[in-house]
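One structure is given here, and the rest of the page talks about it.
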There are 2 protein chains.
Amino acid sequence: MTRRARQEDIARELGLSINTVSLALKNSKRINEETRQKVHQVAKALNYIPNTIARSLVEKKTNIIGFIVPNIMNPVQIETAQTIERKLIKKGYNMMLMTTDSDKNYESYALDILVSRQVDGIFLFPTNKQNQDKIKTVRDVNIPIVLLSGGSYEPASDSVYMNQFKGAYIAASHLAQLGHRRIGFIHGGSGNMEKFMGYQQALKDHGLEFDPKLVVTVDSYSYEQGYLSADALLPAHNVTALLASSDYLALGALRWCRERGMRVPEDMAIVGFDNLEAARYAEIPLTSVAFKVEQLTTSAMDLMFELLAEQDKLSSRKPERIVIEPSLEIRNTCGAR
Amino acid sequence: MTRRARQEDIARELGLSINTVSLALKNSKRINEETRQKVHQVAKALNYIPNTIARSLVEKKTNIIGFIVPNIMNPVQIETAQTIERKLIKKGYNMMLMTTDSDKNYESYALDILVSRQVDGIFLFPTNKQNQDKIKTVRDVNIPIVLLSGGSYEPASDSVYMNQFKGAYIAASHLAQLGHRRIGFIHGGSGNMEKFMGYQQALKDHGLEFDPKLVVTVDSYSYEQGYLSADALLPAHNVTALLASSDYLALGALRWCRERGMRVPEDMAIVGFDNLEAARYAEIPLTSVAFKVEQLTTSAMDLMFELLAEQDKLSSRKPERIVIEPSLEIRNTCGAR
DNA sequence: TTGTACGCGTTATCAA
DNA sequence: TTGATAACGCGTACAA
C-alpha cells in the first residue's frame, strides 16, 4: 500500500512549511511562482489528493447536499434526483442519496444521518407529514431543508410544491366532461393524498357522487399493482374510466383491459400520472398528468442556494413555498381524440 | 439559530471532561452508570448529534461507500444502486452516488471526488476501459474498488461480471435456431461491447454472415432510440428478427412495428435485455435476457466487505473476478411459443 | 514571500 | 472511574 500523501509529505519533500504548501495548492498570489509550481509538481508526483474531510472540519462546510427520496424506482423521483445531482456538480457540490421506502422511521433516520454527516443542505421528498418536528429541528440547526412535495401541504417548511391536487382535479374533470360518471381511482397510498383529494373535488364539482368502492389503494408504483387493481375494480361497479396515481399503474391496468379484449378508450378510458416515456410509447398512447421535473428542480435549486446564502438568518426567515402547476397531456386512452 | 451542540457543551453542562462524555456516549463500561445516564440525558436535551466528520478524521474511516454509475435512468443500474444502498445501510454504511453520463472524464472526476472524500470503498459501473490506470491508483491508496461490469473484461480489478457476452450469445442463438437468418442488432454503445461480440459470435456459430448494415448504434436506453433505430433498420435489409441492448430499445422498436401493422413475432421477432417489468407487461410480452440484480449485488457486497476486511494487504491480493450468468426469459415476441 | 501557532470535534493513550 | 493531552489533515491569523 502506498500511504495517502498529505500536504506534510509535500512540505517535507521540498523543505517548506505545511502552510506554504497549503497556500501554493490553492494558487495564492502570496506564494512565489517558482515554489508554487514546485509544490504542484510534487503534489502530482506524490499523487496528492486533498482530504476533503479535514477541510470540511475547519471550514464547517462539506459541499454535500443530502437527498432523501421514498423510492428510487419511481422514475420521476429518480429523474429529479439525477437532475439535481447534475446541477449540484456544476456548483461544486456532491449529493448524498438516501431512500426511505416510504417509511417515516427511515425518513427520520435518514435525516439524522445527514445531519451527523454535516451536509450543507437537504432536499426531501416527504412520505407523509409525520416528521414535521424533526424537519423543524434540522432547520433550527441551520441546515436548509427544501421539501419537494407532491403530497401534503407543509406550511412550516421551505418547499417546492407540485400541485398534484390540481393535477388530479383536471384529469378527473376531463374524464367527467367526456361524459364518464363512474370514474375509478387507483390511489398510490401515502404521498398521494392530494391526488386523491383532487379526484374527489372534481367529482363533486361535476355533480358526481364519490363512491369509495371505486377506489383501490396500492403501496407501490408498478405495472403489477395496476394490473391487480384493475382486476379488483373493473369487473363490477360499472366503471367506464380509470384515473391512476402513476403511469405504471395505468399501464398495468391497460394491459388487464387489453388482455380481456376491451377497447381503450371506448370500453374503458384510462389516465395516468407523471407522463413517462413509457406512456408515450404504450400500446395505446396514454393520457397523463405531466410532472415538470425541469421546473421543479430549477426552482428547488434556486431556493436551496438562496437559503444557503442566508444561512445565518435562517431561523428568522419565513418559509417559502413555490407551486408548480401540472398539465394534462392528452393522448389516446381518454377518448378526447 | 441554535448552535449545533458538541460533546464539549454536554461536558460543560455536567462539569465533566469531554473525554468522559465521549466514552459515556458510546456506552463504555469504564463509565459509571449514573454519569452515563446523565450524559445521555443532557445529550438528548441539547439535541446532540455526533459530528461524523470529526470522528472520521481520527478513525480514518468514513463508513461511506461510493457508487459510480453511468446513467441513473437505466432501470437495472438504479435498481442495483438501490439494492446496494439498502444492503449498506444494514451494515452501518451510507452511499455516495455519482453519475458519469457514460463520459470517461466524468468517471475519472467522480473517482477523484470520492477518494478526496475518503470513502471506504467504491462500486463502479465502468463506462469503458479508459480509466484502468486511475482505478489502479485508487486501489493503490488502499481503497477497495469493485467493478460491476456488464461490459468489458477488466482483469486488473476486482469485479463482479454479468456475462453479457453470453446473454447476447444465447439470445441471438435462440433467434437463429428459430430460423432467422437476418438478425438486426441495436447496439447500446459504450458499455455494451460484450453484447455486440456475443451477437457476432452467435451468428458465426450458426453459419450466418455478420452484416454491419444490420447494426444500429445508439447512445441511450430509451423507447425513442429504439423507435428510431427500427425506423432506420427495418424498412430494408430483409431483417426478420431484432436483438436490442435493452428492453426500452426493444419496446420502442415493438411500437414502431405495431404502428405499421406488423405482427410480432410473425413478421418481426424481437428480443431485449434486462427483463424489466415493462417487458412483462408489454402489449406483446417481451422475450428478454435477465439481469440478475440480486445475485450481482449480493456477490458485489460480499466481495467489497472481504476487501474491506483485508484492507492492509490489498496490494498483495490478486484481483478477484466473479461471473454471473444471465438467462433468457422467453415470452411472446420471439416466436418460440 | 514564508513560517508559527491555533482551532475544527472527535477518539485514543496514558496518567491520576 | 475520570481527566489531561495529543493526534487526525487542513485553513487562517498573525508574525517574521
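Answer yes or no: is there a residue in region B:33-47 that is touching a residue at least 12 places away in the same chain (Cβ under 8 Å), at the interface with chain A (Cβ under 9 Å from one of its Cβ atoms) and on the phi < 0 side of the Ramachandran plot.
Taking region B:33-47 and keeping what is touching a residue at least 12 places away in the same chain (Cβ under 8 Å), we get B:35-36, B:38-40, B:42-43, B:46-47.
Next, from what is left, pick out any that are at the interface with chain A (Cβ under 9 Å from one of its Cβ atoms): B:47.
From the residues that got through so far, the ones that are on the phi < 0 side of the Ramachandran plot too are none.
No, that holds for no residue.
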### Message
Tell me yes or no: at least one residue of region A:317-326 is more than 24 Å from A:ALA168 (Cβ to Cβ) and among the aliphatic types (A, V, I, L, M).
### Response
no
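Out of A:LEU23, A:LEU16, I need the residue that is near DNA strand D (Cβ under 7 Å from one of its atoms) and either at negative phi or more than 14 Å from chain B (Cβ to nearest Cβ) (or both). Which one?
Details: A:LEU16 fails: near DNA strand D (Cβ under 7 Å from one of its atoms).
Answer to the selection: A:LEU23.
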### Summary
Reported set for region B:56-65 where residues are at the interface with chain A (Cβ under 10 Å from one of its Cβ atoms) and in contact with a helix residue (DSSP H, G or I) (Cβ under 9 Å, 6 or more places away or on another chain) is B:SER56, B:LEU57, B:THR62, B:ASN63, B:ILE64
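Inspect region A:78-85 for any residue being near DNA strand D (Cβ under 10 Å from one of its atoms) and within 42 Å of the chain's Cα centre (by Cα) and give the result as yes or no. Spell out how you get there, then give the answer.
So the first thing to find is which residues in region A:78-85 are near DNA strand D (Cβ under 10 Å from one of its atoms), and the list is none.
The answer is no; no qualifying residue exists.
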### Query
Can you pull out the residues in region A:300-337 that are within 14 Å of chain B (Cβ to nearest Cβ) and of a type in the set (Val, Ile, Thr)?
A:THR333
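What is the residue count in region B:26-37 for residues that are exposed (fewer than 14 other Cβ atoms within 10 Å of the Cβ) and more than 6 Å from DNA strand D (Cβ to nearest atom)? Let's see the steps before the verdict.
First, pick out the residues of region B:26-37 that are exposed (fewer than 14 other Cβ atoms within 10 Å of the Cβ): B:26-30, B:32-34, B:37.
With the extra rule that they be more than 6 Å from DNA strand D (Cβ to nearest atom), the set shrinks to B:26-29, B:33-34, B:37.
Total satisfying the criteria: 7.
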### Summary
Of the residues in region A:47-58 that are within 11 Å of DNA strand D (Cβ to nearest atom) and not β-branched (Val, Ile, Thr), the one that is farthest from the chain's Cα centre (by Cα) is A:TYR48
#### Entry: Whichever residue in region B:76-113 is assigned to a loop (DSSP other than H, G, I, E, B) and not acidic (Asp, Glu) and, among such residues, is nearest to B:TYR248 (Cα to Cα)
B:SER102
### Query
Which one is nearest to B:ILE113 (Cα to Cα), of the residues in region A:52-69 that are hydrophobic (A, V, I, L, M, F, W, C) and surrounded by fewer than 17 Cβ atoms within 10 Å (Cβ to Cβ)?
A:ALA54
### Close pairs from region B:230-242: first modelled with pLDDT under 95, partner part of a loop (DSSP other than H, G, I, E, B) and surrounded by 21 or more Cβ atoms within 10 Å (Cβ to Cβ), Cβ under 6 Å, at least 6 apart
none
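Hey, does region A:306-318 have a residue that's farther than 23 Å from A:LYS166 by Cβ, in contact with a strand residue (DSSP E or B) (Cβ under 7 Å, 6 or more places away or on another chain) and not in a strand (DSSP E or B)?
Residues of region A:306-318 that are farther than 23 Å from A:LYS166 by Cβ, as a first pass: A:306-318.
Checking which are in contact with a strand residue (DSSP E or B) (Cβ under 7 Å, 6 or more places away or on another chain) leaves us with A:307-308.
When the remaining residues are screened for being not in a strand (DSSP E or B), the result is A:307-308.
Yes - at least one qualifying residue is present in region A:306-318.
How about region A:191-202: which of its residues are assigned to a helix (DSSP H, G or I) and over 14 Å from A:VAL271 (Cβ atoms)?
Those that are assigned to a helix (DSSP H, G or I) and over 14 Å from A:VAL271 (Cβ atoms): A:MET193, A:GLU194, A:PHE196, A:MET197, A:GLN200, A:GLN201.
Conditions tested, residue by residue: (1) touching an Asp or Glu at 6+ places or on another chain (Cβ under 9 Å); (2) modelled with pLDDT under 95; (3) not in a strand (DSSP E or B).
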{"site": "A:LEU148", "(1), (2), (3)": "no, yes, no"}
{"site": "A:GLU154", "(1), (2), (3)": "no, yes, yes"}
{"site": "A:TYR161", "(1), (2), (3)": "yes, yes, no"}
{"site": "A:ALA171", "(1), (2), (3)": "no, no, yes"}
{"site": "A:HIS174", "(1), (2), (3)": "no, no, yes"}
{"site": "A:GLY179", "(1), (2), (3)": "no, no, yes"}
{"site": "A:GLY189", "(1), (2), (3)": "yes, yes, yes"}
### Query
If we keep just the residues of region A:179-207 that are buried (at least 18 other Cβ atoms within 10 Å of the Cβ) and aliphatic (A, V, I, L, M), which is nearest to A:LYS104 (Cα to Cα)?
A:MET193
### Message
Taking the conditions exactly as written (more than 17 Å from the chain's Cα centre (by Cα) and away from chain B (no Cβ under 14 Å)), does A:GLY226 satisfy them or not?
### Response
no
### Task
Inspect region B:87-100 for any residue being farther than 18 Å from B:MET304 by Cβ and within 16 Å of DNA strand D (Cβ to nearest atom) and give the result as yes or no.
no
### Query
Considering region B:264-299 alone, what residues qualify as being more than 14 Å from every other protein chain (Cβ to nearest Cβ) and farther than 28 Å from B:GLN82 by Cβ?
B:PRO265, B:GLU266, B:ASP267, B:MET268, B:ALA269
### Query
Restricting the search to region B:70-112, which residues are surrounded by 20 or more Cβ atoms within 10 Å (Cβ to Cβ), within 8 Å of chain A (Cβ to nearest Cβ) and closer than 23 Å to B:ASP133 by Cβ?
B:MET96, B:MET98, B:THR99
### Flag if A:GLN118 is over 20 Å from B:ILE72 (Cα atoms), polar (S, T, N, Q) and either surrounded by 23 or more Cβ atoms within 10 Å (Cβ to Cβ) or within 10 Å of chain B (Cβ to nearest Cβ) (or both)
yes
### Task
Scan region B:276-300 residue by residue and report those that are farther than 30 Å from B:ALA253 by Cβ and either out of contact with any Leu (no Cβ under 8 Å at 6 or more places or on another chain) or part of a loop (DSSP other than H, G, I, E, B) (or both).
B:THR298, B:SER299
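Just checking: which of the helices (runs of 4 or more DSSP H) contained wholly in region B:3-75 hold 2 or more residues that are within 25 Å of A:THR52 (Cα to Cα) and within 13 Å of DNA strand C (Cβ to nearest atom)?
Values: elements: B:7-14, B:18-25, B:33-45, B:52-59.
Output list reads B:7-14, B:52-59.
The values are calculated or read from the model by the stated rules, or taken from the named source; none is laboratory data. What you see is a predicted model; the values in this text were computed from it and never measured. Please note: Cβ atoms are built from the backbone with ideal geometry, for glycine as well, and neighbour counts cover all protein chains shown.
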